[in-house]
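Worksheet for the structure shown next.
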Amino acid sequence: MTSGPASLLSAQVRAGERSAVEVVERHLDAVARIDPELHAFVTVLNDGAVAAAAAVDTVVAAGRDPGPLAGVPVAVKDNMCTRGVRTTCSSRILEHWHPPYDATVVERLTAAGAVVIGKTNLDEFAMGSSTENSAFGPTRNPHDPSRVPGGSSGGSAAAVAAGLAPIGLGSDTGGSIRQPAALCGVVGMKPTYGTVSRYGLVAFASSLDQIGPFARTVSDAALLFDVIGGHDPMDSTSLDRPAPRTATVVGDGVDGCRVGVVRELYEDAEPAVRAAVSAAAEALAGAGAVIEECSIPEVRHALPAYYLLAPAEASSNLARYDGVRYGLRVDAPDVESMNAATRAAGFGAEVTRRVMLGTYALSAGYYDAYYGQAQKVRTLIIDAFRRTYEQVDALLGATTPTTAFAIGDRVQDPWAMYLSDVFSVPSNLSGDPAISVPFGSDDAGLPIGVQVLAPALGEPMVVRVGAVLEAAAPPLGQPRLADRALLGGSSEPS
Amino acid sequence: MTARESQPATARGYEPVIGLEVHCELRTETKLFCGCRNAFGDEPNTNVCPVCLGLPGSLPVLNSKAVELAMRIGLALHCEIRPSTFHRKNYFYPDMPKDYQISQYDEPINVGGFLELPDGYRVGVVRAHLEEDTGKTTHVGGGGRIHDAEYALVDYNRAGVPLVEIVSAPDLRSAAQARTYVAELRSILVATDASDGRMEEGSMRVDANVSVRAAGSADLGTRCEIKNLNSLRSLVRAIDYEAARQAEVLESGEAVVQQTRHWDEKESRTVALRSKEEAFDYRYFPEPDLVPVAPDPQWQTDVASALPPLPAERRARLRQLLGAPAAPGAPWDPGAPPTAAQEDQIATVVEHGLDELVTSAAEDGVAPSLALARTANEASADPHRARGLDRRAYVSLLEMEERGQVTATQAKAVLAELLERGGDPVDIARRRGFEALGADSLAGAVAVVVGAHPNEWERYRHGEDKLAQFFIGQVMKVTKGKADGKTVVAELQRLRG
Ligand SMILES: [Zn+2]
């Protein structure tokens, strides 16, 4: 198990070996040099971040403990509210919206000494799998700037992959953390639904949305999860119990663990990805795990069900962007026309498509056939996973069917784009945790991610399996667009 | 439409069938899903936060006090309390911050109860569910009406205030009965401290579903829903109007169209808002931001045992005091039936929560009928102060009246001062110079008045009894109000011979 750059930086700052201000300035400098081309950030908090870092240094100087993420720069997806800092969801409709409050996860980051250095790009309102649906332009994949970073949390994934921040936050509704993590060659985890507060996360599909960590190592992802997880009285769907602790068990190995390799979660993937899954299974076997082939046929219905449930909830969640109270307003003679004109001007094509789809799925006369049916499928999938976990401790599969595709390739073909999430969506429907860990690359040197799934509250299991895979993974080439010094583990000033 | 008013539905051989949907705001400290103050009349947009403004990222957290008050209402209406869920009711409206309302839909907290009217008639209560209120829009300029206003202002202080919607079965058969139902419901809400039931402040709002059918028929006709009923008066007028309108439609051989109609108080008529075909598709679906509400049995028991006596029970107690039957229609002692006036007094006393004044006076030996009359007719004019009235002072005043130490008129004046400033009724009466005149000096005063008005006296003598009032007034003037009206009449009759 390798300790990650975040825990290293925090240790140095807490020991007074480096100042938080210097660490943050070093990363801001990298952002200034690299992000004009990468475009991982929508907003960079230059002054605010340095001030926050200075506050951490004051705590250190006073002999107090600033927390487990002392002075660690964090890239936060721009759909999490930051007080006084604009939160756009990469949408024209919220382009100039400054929330009056911090999301719970942002509060917890700050309380742990972390420093938010910027808000990262996403597919508008987290709807997409490539970050091309951002109203502010696409983010590039650090490994190949002509390709997408995945999405919707493409900005955070790219920022962490390029070394602009050691850790980042994303949100995962159908794979929006794991898919870009796989495509950018970093670790991304979707925790159990209810373990991380959604308060302050701008809702896309409330019953599926879950915030989770990006990191360059499994241990850093675990460290970040432990900071943001846990009950929040502001979120009624937050589990009323402590979140499982993961950082302390990352190195526990998989000796004796039963791991099922799920046919439906890799067999339609491209050859290099299938090969990576096989190699990952062998690596786990080599570490003492008991590998079993298994099949969960129900997950084949996950994607269609997801594309009814998520848009249905989205159609309701996005109704509030009506020009009345905040955000964009396009004036018109009466309130109905003002609503319509505002939404037409403020929402991009994909958001409009999903709002229309969702509105239709909930309409009188169609509800049972669409939304109701999709809920039944969701129940079947939950039951199928439950049965499977009676036999195994964790499941293994691919994170995505392909490696990063070229910018523009799937923009005209929504269904091809939706298929990017075919392996990740089942965990959102079941609510269970899953992690994507880099495991080698394809012939073009593009990263491949493998996915580890576990039953609810099985975060300790997914990080244990993830860490074994991380240790066994074939080396991945350095990204072309990155701060190599920050990536190279050389966290010393350059 | 005076023609319709003069020809009510019943006169045309039709029976109105009425069901009511009553929204009441709950008396919680804070709103349904956030910690903002639930208060009426504050500076606009001061009781707001990210949650009740529906800001992006905010989430609702259910106020358990609201659940408790909803249970109180349910228990008082004999409902079954069930595990319940919330849904989203989706429609665009500027005073609704999220453009959906969080409401209970197919799994409400209270189902299947009834409300018993004072005359014993039971009205079914289909459900009583929790939901959030909307903000309030004010149209400015151009006369303040929606269509010609220059702009609109929205106050979100009310957004997210907890409501319980109480849906009755279509069991009501007249506007008067509907009025009684609402009045009784209001008493129950006030008695259980669940709501202040103020229609004029909008904390209690009523929609009426009205249909008519041939008298004697068991079928239900096509109904119309009437909105904007802001007072008991408009409730009665709107139902009467609507029933007559539908009767006329049916009489002319046409069919009633199912629609939502608006009561126009100024024009005294209902106007079509939208038909069934134009009805909103609310696209209800389960609210994913909230978890089911399942009050455990212990909580339900606690709420039930803390429930105060309800109006029906309290009325029965007052009837018993009068020596009357505990329930209408029950066998009773024909020696002391409550008169219709006393029934009204009982209703008034219970409605204003002044039972205690009557019962404590009766326990101290005051005639229950007197205690009831003074409490209902005088003390209830200022129910708030009346509830704070010193019991001993009140009893002492009633005893003075009983013993003839003050007249009824004087007693009322003393009571007014007692309510206003408190004090000892004996002192107040003395300071004001109130002492009922003895029979002797009263006879003198009557003789003086009779002598001064010979014409009136002649007419009275020849049987024009209503002139007694004239003489009472004159005697009052002469005695500065110290005379007792009954004694004056007795003296007049004695003089007439
Ligand atoms: Zn609020």
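The values are calculated or read from the model by the stated rules, or taken from the named source; none is laboratory data. Because the structure is predicted, anything quoted here is derived from the model rather than measured. Cβ: placed from backbone, ideal geometry, glycine included. Neighbour counts: every protein chain shown. These area figures cover heavy atoms from the full protein model, side chains too; ligands, DNA and RNA do not enter into them. Shrake-Rupley method; radii C 1.70, N 1.55, O 1.52, S 1.80 Å.
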**Asked** How much net charge surrounds A:Lys119 when only other residues with a Cβ under 10 Å from its Cβ are counted (Lys, Arg +1; Asp, Glu -1)?
**Response** +1
**Asked** Working out 0.36 nm times the residue gap between B:Val140 and B:Phe114, then minus their Cα-Cα distance, what length gain in nm do you get to one decimal?
**Response** 5.1 nm
**Item:** Sites matching GluC sites (Glu not before Pro) across the stretch B:194-225 that sit in DSSP coil, with at most 14 neighbouring C-beta atoms within 10 Å
**Value:** B:Glu200, B:Glu201
**Request:** Would you mind giving the mean number of other chain beta-carbons within 10 Å of the Cβ of each residue in A:363-369, as a whole number?
**Result:** 2
**Prompt:** Once the Cα atoms of the stretch A:347-459 are picked out, what are the Rg and Dmax in Å?
**Reply:** 17.1, 50
**Under Karplus coefficients 6.51, -1.76 and 1.60, residue-wise ³J(HN,Hα) of the stretch B:300-307 in Hz, glycine/proline x** = 4, 5, 4, 5, 4, 6, 8, 5
**Message:** How would the stretch A:301-375 be classified by its alpha-carbon gyration tensor: rounded, prolate or oblate, with rounded meaning a/c under 1.5 and the a/b versus b/c comparison settling the rest?
**Reply:** prolate
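Let me confirm one metric for peptide B:287-295, namely the mean number of other chain beta-carbon atoms within 10 Å of its residues' beta-carbons. Intermediate results must be reported in sequence, preceding the final value.
On the way: counts 5, 13, 9, 3, 5, 0, 0, 0, 0.
Shielding by partners across B:287-295 averages 4.
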**Request:** Take each uninterrupted DSSP H stretch in chain A, measure its Cα extent along the helix axis, and return the ones at 24 Å or beyond whose mean Kyte-Doolittle hydropathy is at least -0.5.
**Result:** A:20-38
**Request:** Within a 10 angstrom radius of each residue's Cβ in B:41-50, how many Cβ atoms of other chains show up on average? Whole number is fine.
**Result:** 1
**Complete:** With 0.36 nm assigned to each residue of separation and the Cα-Cα distance removed, B:Gln298 to B:Ala340 gains 10.8 nm
**Using alpha-carbon coordinates, inclination of helix B:485-496 to the longest axis of chain B, degrees** = 40 degrees
**Request:** For the stretch B:51-147, state which chymotrypsin sites (Phe, Trp or Tyr not before Pro) are in a DSSP loop and have at most 16 other beta carbons lying within 10 Å of their beta carbon.
**Result:** B:Tyr91, B:Tyr121
**Asked** What lysines could a cross-link reach from B:Lys412, if we take a straight Cα to Cα line under 28 Å and drop same-chain neighbours fewer than 8 places away?
**Response** B:Lys466, B:Lys477, B:Lys480, B:Lys482, B:Lys486
**Message:** With the cut-off at 32 Å, tell me which of the pairs A:Lys77/B:Lys98; B:Lys31/B:Lys227; A:Lys376/B:Lys89; A:Lys376/B:Lys98; A:Lys376/B:Lys65 have Cα atoms farther apart than that.
**Reply:** A:Lys376/B:Lys65
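From the protein chains alone at 1.4 Å, what is the descending order of accessible area for B:Val448, A:Val259, largest first?
B:Val448, A:Val259
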**Asked** Angle, helix B:64-76 long axis vs. longest principal axis of chain B, Cα atoms, 0 to 90°, nearest 10?
**Response** 60 degrees
**Mean-position separation - Cα centroids, the stretch A:105-137 and the stretch A:1-63, in angstrom** = 17 Å
**Request:** Compute the distance in nm between two label points, each set 7 Å from the Cα along the Cα-to-Cβ direction, one at B:Arg430 and one at B:Val478.
**Result:** 2.9 nm
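Pairs of Cα atoms under 8 Å, at least six residues apart: use those to get the relative contact order of chain B, whole percent.
Over chain B, the number comes to 14 percent.
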**Asked** With every protein chain left in place, what is the accessible area of A:His39 in Å² (1.4 Å probe, nearest 10)?
**Response** 40 Å²
**Message:** Given the -39500 (n - 2.57) contribution per DSSP H run of 4+ residues, what per-residue ellipticity at 222 nm results for chain A, rounded to the nearest 500 deg cm²/dmol?
**Reply:** -11000 deg cm²/dmol
**Asked** Using only the Cα atoms of chain B, what do you get for the radius of gyration and for Dmax, in Å?
**Response** 27.9, 90
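For chain B, what does -39500 (n - 2.57) per DSSP helix run (n ≥ 4), summed and divided by total residues, give at 222 nm, in deg cm²/dmol to the nearest 500?
-11500 deg cm²/dmol
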**Fill in**
Bridge orientation stat for chain B from DSSP, antiparallel percent rounded to 5, came to 95 percent
**Asked** Going from most exposed to least, what order do B:Trp263, A:Trp415, B:Trp299 have by accessible area with a 1.4 Å probe?
**Response** A:Trp415, B:Trp299, B:Trp263
**Request:** Mind checking the per residue accessible area of the stretch B:10-301 for me, 1.4 Å probe, whole number of Å²?
**Result:** 41 Å²
**Prompt:** Probe 1.4 Å, all protein chains in place: accessible area of A:Thr342 in Å², nearest 10?
**Reply:** 0 Å²
**Asked** Cα axis of helix B:340-351 to longest principal axis of chain B: angle in degrees, 0 to 90, nearest 10?
**Response** 50 degrees
**Prompt:** How big is the gap, in Å, between the Cα center of the stretch A:436-490 and the Cα center of the stretch A:348-421?
**Reply:** 24 Å
**Message:** How large is the accessible surface of A:Leu380 in square angstrom, using a 1.4 angstrom probe and rounding to the nearest 10?
**Reply:** 100 Å²
**Prompt:** Across 5 Å bins from the origin, how do the percents of Cα pairs in the stretch B:10-301 run, short distances first?
**Reply:** 1, 5, 11, 15, 17, 16, 15, 10, 6, 3, 1, 0
**Fill in**
For the protein assembly as shown, the percent of accessible surface on carbon and sulfur atoms (probe 1.4 angstrom, ligands and nucleic acids excluded) is 52 percent
**Request:** Whole Å is fine, so just give me how far the alpha carbon centre of the stretch B:271-324 lies from that of the stretch B:13-86.
**Result:** 11 Å
**Asked** Among bridges DSSP assigns within the stretch B:10-301, what percent are antiparallel (round to 5)?
**Response** 95 percent
**Fill in**
Asked for the total accessible area buried by A and B (1.4 Å probe, Å², nearest 100), one would answer 2600 Å²
